[in-house]
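Undergrad: Pasting a structure below so you can have a look.
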Amino acid sequence: MKQMSFFENSMSQPLAARVRPRTLDEFVGQKHLLGEGKVLRKLIEEDNISSMIFWGPPGVGKTTLARIIAGQTRSEFVDFSAVTSGIKEIRQVMKQADENGFTGRRTIVFVDEIHRFNKAQQDAFLPFVEKGSIILIGATTENPSFEVNSALLSRCKVFVLQGLTVDDLTELLSRAVKNPLGFGDQKVEIDEDALRLIAEFANGDARTALSTLEMAVLNGEALEGGGTAVTEDVLRQCISTKSLLYDKNGEEHYNIISALHKSMRNSDPDAAVYWLARMLEAGEDPLYVARRVVRFASEDVGLADSKALEVAVAAYQACHFIGMPECSVNLTHAVVYMSMAPKSNAMEVAYNRAKDDALNTLSEPVPLVIRNAPTRLMKDLKYGEGYVYAHNTKEKMAAMQCLPDSLKDRVYYEPTEQGLEAKYKERLASIKDWKRRHQKQEK
């Protein structure tokens, strides 16, 4: 925790820190939030900030934006790190914020990586946000719906920051070369194509782009009379690890995740592990891969092996807990399991069939027998009349019709005979036979 002193610069600092934008006009990207007339820009320019959370991938400007607010606001600004600050530090700042409030000064508290705060730490902010003692600005790479307490989240406006485009990053790199705080006071020869290659390599991350540029310049060839030239050979060494493995224009990204998915679907663990390694060694976010494996577990395995979903979710959690490179073996575990599991796409087929009907029958009434009847009027209107509580029957089911009349014979889920789903197929057949017989008896 420290009081705001953001714009102290030193040539000993990394390039990304030296050329960090100080104003909205210097900020690159996020036009959907910071373009002329956009809400967030107006809030900042008019010094009318309320509690907010910046959600986006690494290196897109979350912290920089908070620092720009710090430079333009007339408030006390306190910088927290969720990694190093605890409840004790939070309470100290909240006490000071209350004292500032008595003198008419606002306190803005910036919490980097707010998703790393536990529930108790987040709760410590809540009363002070509620009574207006502080304005909270949080930054997170994780979905705040899952990582931020709902009570705190409801009092914050969430702004979604997007990965920077190749054009955004190329502009940022060009400025860094010319900026006196960057390499502007040095004679650096690097052409536009080279800057664009670095931008493509960075995959939307400004910090990666500037760090790669700095590495290329520091390892460039000295020129006669002074200065540095970034040669093709130097550039290749700086970016080859990712660029040779992954196309940062995006097409290869989708080609390889498709290859992984289809290799698992085709029960080919060797190919699946190869494509997994291609993605991870290229720098892909392991959580992205894990999410796709979770989807696969239900889309392509389903009830043929319900444990597949458990394995996939466990692998996602493992990736979340330990990150790369350690989680590579957890993903390998999941990918090999999915490849070897019996396959069924019955879940996806069932949902897509039901979705089509749902979209075309939005006005279909719920059958009276399965409607809830909490009031006397509803009971008089025959809501719930004839409802049978399945647990009170010997067979634990009833012959009631639960679909609308127009869809009463519609079939969505058709189990296959793969793996454990063969047992579910037998079970479903016996259920439907029992219901048909008892529905005839009731008529």
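The values are calculated or read from the model by the stated rules, or taken from the named source; none is laboratory data. The structure presented is a predicted model; accordingly, all values stated were derived computationally and were not measured. All Cβ positions, glycine included, derive from the backbone under ideal geometry; neighbour counts span all protein chains shown. Each accessible area value is taken on the protein alone, full model and side chains, heavy atoms only, with ligands, DNA and RNA left out. Shrake-Rupley method; radii C 1.70, N 1.55, O 1.52, S 1.80 Å.
Undergrad: Residue under question is PHE80, and the condition is that it be at pLDDT 80 or above, within 24 Å of the chain's Cα centre (by Cα), outside any helix (DSSP H, G or I) and crowded, with 18+ Cβ neighbours inside 10 Å; does it hold?
TA: So PHE80 does not fit the description; no.
Undergrad: Evaluate the following for PRO367: is it more than 30 Å from ARG436 (Cα to Cα) and over 38 Å from the mean Cα position of the chain (by Cα)?
TA: no
Undergrad: Separate question: Report the residue count in the range 300-329 for those that are of a type in the set (D, E, K, R), farther than 21 Å from LYS262 by Cα and surrounded by 15 or more Cβ atoms within 10 Å (Cβ to Cβ).
TA: Qualifying residue count for the region: 0.
Undergrad: Looking only at the range 370-418, how many residues end up being under 39 Å from the mean Cα position of the chain (by Cα) and of a type in the set (A, V, I, L, M)?
TA: Of the residues in the range 370-418, 4 are under 39 Å from the mean Cα position of the chain (by Cα) and of a type in the set (A, V, I, L, M).
Undergrad: With respect to LYS343, determine if the residue is of a type in the set (D, E, K, R) and open to solvent by less than 100 Å² (accessible area, probe 1.4 Å).
TA: Yes; evaluated as a whole, the condition is true for this residue.
Undergrad: Among TYR412, TYR351, TYR387, which is the only one that is assigned to a helix (DSSP H, G or I) and surrounded by 11 or more Cβ atoms within 10 Å (Cβ to Cβ)?
TA: One residue alone meets the criteria, TYR351.
Undergrad: Return yes when ALA304 is among the small types (Gly, Ala, Ser), touching a Ser or Thr at 6+ places or on another chain (Cβ under 9 Å) and at pLDDT 90 or above and no when it is not.
TA: Taking the combined requirement at face value, the residue satisfies it.
Undergrad: Which is surrounded by fewer than 12 Cβ atoms within 10 Å (Cβ to Cβ) and either touching a His at 6+ places or on another chain (Cβ under 8 Å) or over 23 Å from ALA358 (Cβ atoms) (or both), of ALA429, ALA398?
TA: Answer to the check: ALA429.
Undergrad: Continuing with the same structure: Do you know which of the residues in the range 359-384 that are farther than 30 Å from ARG427 by Cα and touching a helix residue (DSSP H, G or I) at 6+ places or on another chain (Cβ under 7 Å) is most open to solvent (accessible area, probe 1.4 Å)?
TA: The selected residue is LYS382.
Undergrad: Here's a follow-up. Would you please name the residue that is farthest from ARG292 (Cα to Cα), looking only at residues in the range 304-343 that are part of a loop (DSSP other than H, G, I, E, B) and within 20 Å of the chain's Cα centre (by Cα)?
TA: For the range 304-343, the residue satisfying everything is PRO325.
Undergrad: Restricting to the range 289-299, and then to whatever is in contact (Cβ under 8 Å) with a residue 24 or more places away in the chain and open to solvent by 50 Å² or more (accessible area, probe 1.4 Å), can you tell me which residue is farthest from LEU276 (Cα to Cα)?
TA: Ranking the qualifying residues of the range 289-299, first place goes to ARG291.
Undergrad: Quickly run through the range 270-283 and pick out the residues that are in a helix (DSSP H, G or I) and open to solvent by 30 Å² or more (accessible area, probe 1.4 Å).
TA: If the condition is that a residue be in a helix (DSSP H, G or I) and open to solvent by 30 Å² or more (accessible area, probe 1.4 Å), then ASP270, VAL273, TYR274, TRP275, ALA277, ARG278, GLU281 are the ones that fit.
Undergrad: Looking at the range 189-202 only, could you name the residues that are surrounded by 15 or more Cβ atoms within 10 Å (Cβ to Cβ) and assigned to a helix (DSSP H, G or I)?
TA: Those that are surrounded by 15 or more Cβ atoms within 10 Å (Cβ to Cβ) and assigned to a helix (DSSP H, G or I): ALA194, LEU195, ARG196, LEU197, ILE198, ALA199, GLU200, PHE201, ALA202.
Undergrad: Which one is modelled with the lowest pLDDT among residues in the range 134-155 that are farther than 25 Å from TYR288 by Cβ and buried (at least 21 other Cβ atoms within 10 Å of the Cβ)?
TA: That would be ILE134.
Undergrad: Mind checking whether some residue in the range 330-337 is under 29 Å from SER306 (Cα atoms), hydroxyl-bearing (Ser, Thr, Tyr), at pLDDT 95 or above and touching a helix residue (DSSP H, G or I) at 6+ places or on another chain (Cβ under 9 Å)?
TA: Checked against the condition, which is being under 29 Å from SER306 (Cα atoms), hydroxyl-bearing (Ser, Thr, Tyr), at pLDDT 95 or above and touching a helix residue (DSSP H, G or I) at 6+ places or on another chain (Cβ under 9 Å), the range 330-337 yields at least one hit.
Undergrad: Further, regarding this structure: Taking ALA422, is it exposed (fewer than 13 other Cβ atoms within 10 Å of the Cβ), of a type in the set (A, V, I, L, M, F, W, C) and free of Cβ contacts under 8 Å to residues at least 12 places away in the same chain?
TA: no
Undergrad: Among the residues of the range 124-146, what is the count of those that are in a loop (DSSP other than H, G, I, E, B) and either charged (D, E, K, R) or in contact with a strand residue (DSSP E or B) (Cβ under 9 Å, 6 or more places away or on another chain) (or both)?
TA: Residues that pass the stated criteria total 6.
Undergrad: While we're looking at this one, here's another question. In this structure, does LEU428 turn out to be closer than 30 Å to MET264 by Cβ and free of Cβ contacts under 8 Å to residues at least 60 places away in the same chain?
TA: For LEU428, the condition - closer than 30 Å to MET264 by Cβ and free of Cβ contacts under 8 Å to residues at least 60 places away in the same chain - is met.
Undergrad: Let me ask you something else. Right, GLN186: under 25 Å from GLU113 (Cβ atoms), of a type in the set (S, T, N, Q) and outside any helix (DSSP H, G or I) or not?
TA: No: the conditions fail for GLN186.
Undergrad: Still on this structure, I have one more. Checking the conditions here, which among ALA120, ALA222, ALA206, ALA124 is open to solvent by 10 Å² or more (accessible area, probe 1.4 Å), over 19 Å from MET94 (Cα atoms) and without any contact (Cβ under 8 Å) to a residue 40 or more places away in the chain?
TA: Among ALA120, ALA222, ALA206, ALA124, only ALA222 is open to solvent by 10 Å² or more (accessible area, probe 1.4 Å), over 19 Å from MET94 (Cα atoms) and without any contact (Cβ under 8 Å) to a residue 40 or more places away in the chain.
Undergrad: Pick from the range 57-76 the residues that are surrounded by fewer than 21 Cβ atoms within 10 Å (Cβ to Cβ), in a loop (DSSP other than H, G, I, E, B) and not basic (Lys, Arg): which of them is modelled with the lowest pLDDT?
TA: Only one residue tops the list, namely SER75.
Undergrad: While we're here: Hey, LEU260 hits all of (1) closer than 21 Å to PRO325 by Cβ; (2) open to solvent by 50 Å² or more (accessible area, probe 1.4 Å); (3) at pLDDT 80 or above but one; which does it fall short on?
TA: Status for LEU260: all satisfied but (2).
Undergrad: Of the numbered conditions (1) surrounded by fewer than 21 Cβ atoms within 10 Å (Cβ to Cβ); (2) under 28 Å from VAL166 (Cβ atoms), PRO286 satisfies every one except a single condition; which is it?
TA: Against the list (1) surrounded by fewer than 21 Cβ atoms within 10 Å (Cβ to Cβ); (2) under 28 Å from VAL166 (Cβ atoms), PRO286 comes up short only on (1).
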